[in-house]
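Before any comments, here is the structure.
The values are calculated or read from the model by the stated rules, or taken from the named source; none is laboratory data. Fair warning: this is a prediction, and the values are worked out from it, not measured in the lab. Ideal geometry is used to build each Cβ from the backbone, glycine not excepted, and the neighbour counts take in all protein chains shown.
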Amino acid sequence: MADLQGKNAIVTGAAVGLGNSYAHALAAAGVNLAVCDLREEVLSVPGQLEAHGVQCRAWQGDVADPDHVRAVVDGAQAAFGNIDILINNAGIWGGSVADDGLDKSLDDYERIVGTNLKGEYLFGRAVIPLMIAAGRGGEIVNIATDHMVTCGTPFDLCPHRRECPWADSPRPTGGGDSMDLYDVSKWALNGLLFAWAKALAPHNIRVNALCMGATDSHMLRSFHNFDPSPEEEASWMRAEDNARVLIELLQEGPGGRNAQNLNFCVGRPVQLEPPHPHKYVKGEHVQLAAAREGSA
C-alpha cells in the first residue's frame with residue numbers, strides 16, 4: 001500500500017461538494033493541497049485543511065482559463081517542489097437539448113464543455129510534464145459521470161446485486177435528452193483516460209476515472225433547485241464515502257489498476273471494487289509498474 005504522507009496534490013473545484021470532500025480526505029492522509037474553484041469559498045479552504053498539519057494554497061478562477069491553470073500549477077510547484085496527484089474534479093451541469101437555438105448552444109458549449117472537458121485537459125497538460133520531469137511517478141484521477149458507463153463496465157463483470165434496479169440487464173448509459181452537452185463533455189474524458197494512461201504508464205503515472213452517480217453535492221442540489229424531495233435525497237450517495245474510496249485508490253500505488261472507470265451509480269455500494277483485467281494498458285507497462293511497486 002502506497003503511503004500518501006508528504007505527497008502534494010491539486011484538487012480542482014474544491015470549494016464545495018465532492019471536491020471539498022476529496023481535499024479534506026487527502027489532507028487527513030497527510031497530503032499537501034493546492035485547491036482552486038470559481039467560487040469565492042475556496043479561499044477559506046486552506047484554513048480548514050491546515051488543521052490536519054499540511055500545507056495548502058488556494059486560487060479562485062476558471063479552470064477553462066489557461067492563465068488560471070498556469071497560476072495554480074506554477075504556484076503549487078513553487079510552494080511544494082513537485083506535484084504527485086491531480087484530482088480533476090471541477091465540473092458543472094447544464095440543461096441542453098437538440099433543438100436549442102444556436103446562440104444558446106454556443107454559450108452552453110463554452111460553459112459546459114469548457115469546464116468539464118477543457119479544464120481537465122488543460123490541468124493534465126500543465127501537470128504531466130512536471131510529473132515526468134520529477135521522476136516520482138504520479139496519480140491522475142478524472143471525475144466523470146455514471147452516464148458514460150454501464151453496470152460492471154463491462155456488464156459481464158458486474159456483481160449483479162439483487163438490490164440494484166438493473167441487476168438483470170445492463171444499465172442504460174446517457175443522461176437523457178436534456179443533457180447532450182453534459183454527456184459529451186464527460187464521455188470525451190475516455191479519450192484522455194485511455195491515451196494518457198498508455199503514454200504515462202512507463203513513467204509510473206496512473207490515470208483512472210471516478211464515474212459519479214447521484215451524490216449529495218452542490219451541483220446535484222442545484223439540479224433540484226435546492227429543494228429535493230426527502231425520497232430523492234435519501235437515495236443519494238455521500239461525498240465523504242466517495243472520498244474514502246479515492247484515498248483507497250491512490251493507496252494502490254503504481255502497481256494498481258490503470259485506465260479504468262470506477263462506476264458509482266445508485267444501487268452499487270460506494271466501495272473500491274476489485275479491479276477489472278487490464279484491457280487498455282497491458283504487458284510490459286503493467287509489469288514495470290508492478291515491479292516498481294514491489295521494490296518501493
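What are the residue pairs meeting all of these: first residue in segment 249-272, first residue in contact (Cβ under 8 Å) with a residue 60 or more places away in the chain and surrounded by 19 or more Cβ atoms within 10 Å (Cβ to Cβ), second residue among the aromatic types (F, W, Y) and not in a loop (DSSP other than H, G, I, E, B), Cβ atoms under 6 Å, and 6 or more apart or on different chains?
A259/F194
Being closer than 28 Å to A25 by Cβ and part of a helix (DSSP H, G or I), is that true of even one residue in segment 84-104? Before the answer, list the steps.
First, pick out the residues of segment 84-104 that are closer than 28 Å to A25 by Cβ: 84-94.
Narrowing further to those that are part of a helix (DSSP H, G or I): none.
No, segment 84-104 contains no residue that is closer than 28 Å to A25 by Cβ and part of a helix (DSSP H, G or I).
Answer yes if at least one residue in segment 207-221 is under 24 Å from N116 (Cα atoms), of a type in the set (V, I, T), crowded, with 20+ Cβ neighbours inside 10 Å and at pLDDT 95 or above, and no otherwise.
Kept after step one, since they are under 24 Å from N116 (Cα atoms), are these residues of segment 207-221: 207-221.
From the residues that got through so far, the ones that are of a type in the set (V, I, T) too are 207, 215.
If we keep only those that are crowded, with 20+ Cβ neighbours inside 10 Å too, we end up with 207, 215.
Within this subset, residues satisfying the condition of being at pLDDT 95 or above are 207.
Yes, segment 207-221 contains at least one residue that is under 24 Å from N116 (Cα atoms), of a type in the set (V, I, T), crowded, with 20+ Cβ neighbours inside 10 Å and at pLDDT 95 or above.
Condition test on V35, is it out of contact with any Phe, Trp or Tyr (no Cβ under 9 Å at 6 or more places or on another chain) and either surrounded by fewer than 24 Cβ atoms within 10 Å (Cβ to Cβ) or within 21 Å of M131 (Cα to Cα) (or both)? Show your work before the answer.
Numbers: out of contact with any Phe, Trp or Tyr (no Cβ under 9 Å at 6 or more places or on another chain): no; either surrounded by fewer than 24 Cβ atoms within 10 Å (Cβ to Cβ) or within 21 Å of M131 (Cα to Cα) (or both): yes.
It is false that V35 is out of contact with any Phe, Trp or Tyr (no Cβ under 9 Å at 6 or more places or on another chain) and either surrounded by fewer than 24 Cβ atoms within 10 Å (Cβ to Cβ) or within 21 Å of M131 (Cα to Cα) (or both).
Is it fair to say V69 is surrounded by 15 or more Cβ atoms within 10 Å (Cβ to Cβ), within 25 Å of R136 (Cα to Cα), within 18 Å of the chain's Cα centre (by Cα) and touching a residue at least 40 places away in the same chain (Cβ under 8 Å)?
yes
Please go through (1) within 16 Å of Y121 (Cα to Cα); (2) part of a helix (DSSP H, G or I) for A201 and return the number of the only condition it doesn't satisfy.
(1)
Could we say that A23 is in contact with a His (Cβ under 9 Å, 6 or more places away or on another chain) and either at positive phi or not β-branched (V, I, T) (or both) here?
no
Can you tell which of G30, G19 is in a loop (DSSP other than H, G, I, E, B), within 27 Å of E252 (Cβ to Cβ) and touching an Asp or Glu at 6+ places or on another chain (Cβ under 9 Å)? Working first, answer last.
On the way: G19 fails: in a loop (DSSP other than H, G, I, E, B).
So the residue among G30, G19 that is in a loop (DSSP other than H, G, I, E, B), within 27 Å of E252 (Cβ to Cβ) and touching an Asp or Glu at 6+ places or on another chain (Cβ under 9 Å) is G30.
Which of (1) charged (D, E, K, R); (2) closer than 17 Å to A243 by Cβ; (3) in contact with a helix residue (DSSP H, G or I) (Cβ under 8 Å, 6 or more places away or on another chain) does R57 not meet, given it meets every other one?
(2)
Would you call S44 assigned to a helix (DSSP H, G or I), surrounded by fewer than 16 Cβ atoms within 10 Å (Cβ to Cβ) and polar (S, T, N, Q)?
Yes.
Any residue in segment 60-79 that is among the hydrophobic types (A, V, I, L, M, F, W, C), at pLDDT 95 or above and under 18 Å from A239 (Cα atoms)?
Taking every residue of segment 60-79 in turn, none turns out to be among the hydrophobic types (A, V, I, L, M, F, W, C), at pLDDT 95 or above and under 18 Å from A239 (Cα atoms).
Per-residue answers, yes or no, for (1) assigned to a helix (DSSP H, G or I); (2) at pLDDT below 95; (3) crowded, with 20+ Cβ neighbours inside 10 Å:
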{"residue": "I112", "(1), (2), (3)": "yes, yes, yes"}
{"residue": "T115", "(1), (2), (3)": "yes, yes, yes"}
{"residue": "R125", "(1), (2), (3)": "yes, no, no"}
{"residue": "I128", "(1), (2), (3)": "yes, no, yes"}
{"residue": "M131", "(1), (2), (3)": "yes, no, yes"}
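Quick one: H24 ticks every box in (1) outside any helix (DSSP H, G or I); (2) surrounded by fewer than 23 Cβ atoms within 10 Å (Cβ to Cβ); (3) within 17 Å of the chain's Cα centre (by Cα) except a single one, so which number is it?
(1)
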